[in-house]
């Protein structure tokens, strides 16, 4: 039986007060199969974060009402392990390395850099059943050799090769 591959992107909360910046980042992220929820300020972001579950939060530094670093602190109080990145045109403010964010990225952010920091979407292999002993052996081998992280989630080299093939189909050279 041939496995079915589906692309699973990350669930991302994107916070920026500039609608054009939000839209361009959202388009880039959605192209790579990520799901993006948008917030225009820190208060809206906290409300959405409290009611949802996100793999990553990306926030601007200068936001109305609360700066991005304060938003990061509040999110980290709620979920200390939550990955949060700040995107800013003011990198010099973070030169001392004391920022609460997991990463600080400079604006403008290129598609290549965004892909590098967000990571490739996860591909999940779904089997409706193992039809042969060979399928069972193949499945067990995949889980033991480091290419599968958890039940049915393909990671590593296989994921990168498939993603590159997908990009090439759309005429994108990585």
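The values are calculated or read from the model by the stated rules, or taken from the named source; none is laboratory data. Model, not experiment: these values are computed from the prediction. Cβ coordinates were reconstructed from backbone atoms using ideal geometry, including for glycine residues, and neighbour counts include every protein chain displayed.
Each row is one residue, and each column tells you yes or no for (1) at pLDDT 95 or above; (2) in contact with a helix residue (DSSP H, G or I) (Cβ under 8 Å, 6 or more places away or on another chain).
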residue	(1), (2)
12	yes, yes
32	no, yes
47	yes, no
51	no, no
59	yes, yes
71	yes, yes
75	yes, yes
80	no, no
90	no, no
Inset, instruction - Taking residue 104 as the residue in question, decide whether it is in contact with a strand residue (DSSP E or B) (Cβ under 8 Å, 6 or more places away or on another chain), at pLDDT below 90 and in the same structural domain as residue 34 (by TED's automatic domain parsing). - result: yes
Inset, instruction - For residue 22, state whether it is in contact with a strand residue (DSSP E or B) (Cβ under 7 Å, 6 or more places away or on another chain), surrounded by 14 or more Cβ atoms within 10 Å (Cβ to Cβ), closer than 22 Å to residue 90 by Cβ and in the same structural domain as residue 86 (by TED's automatic domain parsing). - result: yes
Inset, instruction - Answer yes if at least one residue in the range 62-71 is touching a residue at least 40 places away in the same chain (Cβ under 8 Å), assigned to a helix (DSSP H, G or I) and surrounded by 14 or more Cβ atoms within 10 Å (Cβ to Cβ), and no otherwise. - result: yes
